[in-house]
Amino acid sequence: MKFIKKEEFKDSNWSAGVTTEVFIYPEDASVAEKNFDFRISTATCNDKESVYTPYKGFFRYITPIDNVMNIESGENKFKLNPFEVLFFDGDDSTKSSGDVRDFNLIYKKGLDAKMYALNINNFVFKAEKKAVIFNYDSDLRVEGKDFEKFSAIYLENEEIKIEGKGKLIICEF
């Protein structure tokens with residue numbers, strides 16, 4: 001188990017706000033070079049409408065975490081409430097609207113991954129392979145340590161007990 005604190009996240013500006021990289025695998029990969037297998041990030045969108053960077057050869061999951069998000073991907077339109085998760089093809093032309101912070105998992109086609117949100121009350125989680133658990137704003141503890149708000153935990157083939165009530169976003173790959 002490895003705690004990933006907010007101070008370790010990598011911020012960068014994009015056309016509509018700031019994107020914050022929570023985790024990238026392999027760890028020496030670069031989002032600019034698109035040579036990663038999995039990338040987990042959160043981003044703010046401050047424009048009336050934002051056009052997403054295309055990720056050809058990748059699949060994506062996204063969820064808003066603080067406000068409603070209107071998103072169009074390909075020919076499909078969705079209105080997502082906080083913690084509702086959408087899966088879409090990174091090849092598709094995608095844009096969204098709404099003053100929102102979102103959470104994303106992008107992964108290379110041919111690999112297997114999933115992302116989902118849970119409301120928990122004292123929860124045991126077992127990572128069958130690799131997983132990242134993100135705590136947006138809940139008061140939680142893991143193995144006797146604080147699981148700080150706006151931080152994450154990386155797991156490989158292990159089980160943990162999360163104490164407290166709150167919302168989590170879990171990415172498994």
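Can you find even one residue in region 100-120 that is within 30 Å of residue 161 (Cβ to Cβ), among the small types (Gly, Ala, Ser), assigned to a strand (DSSP E or B) and in contact with a strand residue (DSSP E or B) (Cβ under 8 Å, 6 or more places away or on another chain)? Yes - at least one qualifying residue is present in region 100-120. Per the listing 161, 130, 145, 149, the residue uniquely under 25 Å from residue 7 (Cα atoms), surrounded by fewer than 19 Cβ atoms within 10 Å (Cβ to Cβ) and touching a helix residue (DSSP H, G or I) at 6+ places or on another chain (Cβ under 9 Å) is 149. Residues in region 20-50 that are of a type outside the set (A, V, I, L, M, F, W, C) and outside any loop (DSSP other than H, G, I, E, B): 20, 21, 25, 39, 41, 42, 44, 49, 50. Residues being in a strand (DSSP E or B), open to solvent by 70 Å² or more (accessible area, probe 1.4 Å), of a type in the set (Lys, Arg) and within 21 Å of residue 33 (Cα to Cα): count how many of those fall in region 51-99. The total comes to 0.
Checking each residue in region 19-29 for being modelled with pLDDT under 95 and surrounded by fewer than 16 Cβ atoms within 10 Å (Cβ to Cβ) picks out only 27.
Here's the yes/no breakdown for (1) closer than 23 Å to residue 148 by Cβ; (2) without any contact (Cβ under 8 Å) to a residue 40 or more places away in the chain:
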{"position": "10", "(1), (2)": "yes, yes"}
{"position": "18", "(1), (2)": "yes, yes"}
{"position": "22", "(1), (2)": "yes, no"}
{"position": "33", "(1), (2)": "no, yes"}
{"position": "40", "(1), (2)": "yes, no"}
{"position": "64", "(1), (2)": "yes, yes"}
{"position": "69", "(1), (2)": "no, yes"}
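Picking from residues in region 36-50 that are of a type in the set (Asp, Glu) and modelled with pLDDT under 95, the one that is most open to solvent (accessible area, probe 1.4 Å) is 49. I need the full set of residues from region 107-127 which are of a type in the set (Val, Ile, Thr) and open to solvent by 60 Å² or more (accessible area, probe 1.4 Å), in order please. Once the filter is applied, which keeps residues that are of a type in the set (Val, Ile, Thr) and open to solvent by 60 Å² or more (accessible area, probe 1.4 Å), region 107-127 yields only 124.
The values are calculated or read from the model by the stated rules, or taken from the named source; none is laboratory data. For clarity, every value in this text was computed on a predicted model and none was experimentally measured. For neighbour counting, all protein chains shown are included, and Cβ atoms are generated from backbone atoms with ideal geometry for every residue, glycine included. Calculation scope for accessible area: heavy atoms of the full protein, side chains included, ligands and nucleic acids excluded. Shrake-Rupley method; radii C 1.70, N 1.55, O 1.52, S 1.80 Å.
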